[in-house]
Amino acid sequence: MKRVSLLILFLFFLACDNNTTNRNPFLQEINFRFDANLNLPLYSPLTNTGSAVLVTQDGVGTRGIFIINAGFNQFRAFEASCPNHAPNECSTMTLNGQVATCSCEDYEYSLFTGQMLNRPDDGNRYYDMLEYRTSFGGNTVSVTN
């Protein structure tokens, strides 16, 4: 009886799938590290809560990254390529305050959460922005993937 119970328990664990993430089929996750020194004029807006910058340096994200100061020394970083289609000539989003906009379809995303703000109600699957890891130390924001 004990062996049967162990066998059933073993089969139960094999049947479980713990891969609950739903990968975005349009964006590849590439490895990179980028450090934004807040003493430099290009990144000094990040010293203010709610301010964001677009970094388009080669090798940083697919089409660049957005970094926003979310307050209390917390920073968030997101991919600058629209998450709802493959990268193309219009997929690099533009920065408008705390919102990123895709010029292909005029999709808008919050840089505080990465969520799509104007999600169509057509039953199709839409993705939120791809987020990268951030850390803050001294006067530098590090973004990695």
Odd one out for F26 among (1) touching a Cys at 6+ places or on another chain (Cβ under 7 Å); (2) at pLDDT below 95 | (1)
What number of residues within the range 71-87 are free of Cβ contacts under 8 Å to residues at least 60 places away in the same chain and either more than 14 Å from T101 (Cα to Cα) or of a type in the set (D, E, K, R) (or both)?
-> 4
If you go through the range 26-63, how many residues are surrounded by fewer than 18 Cβ atoms within 10 Å (Cβ to Cβ), touching a strand residue (DSSP E or B) at 6+ places or on another chain (Cβ under 6 Å), of a type outside the set (A, V, I, L, M, F, W, C) and under 18 Å from Y109 (Cβ atoms)?
-> 2
If we keep only residues of the range 94-145 that are of a type in the set (K, R) and free of Cβ contacts under 8 Å to residues at least 24 places away in the same chain, then the residue surrounded by the most Cβ atoms within 10 Å (Cβ to Cβ) is R119
For T113, the lone unmet condition from (1) more than 11 Å from the chain's Cα centre (by Cα); (2) closer than 22 Å to F32 by Cα; (3) β-branched (V, I, T) is (1)
Yes/no for E131 being of a type outside the set (K, R) and over 15 Å from the mean Cα position of the chain (by Cα) = no
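The values are calculated or read from the model by the stated rules, or taken from the named source; none is laboratory data. Quick caveat: nothing in here was measured; it's all calculated off a predicted structure. Here Cβ is always computed from backbone atoms with ideal geometry, including for glycine, and neighbour counts include all displayed protein chains.
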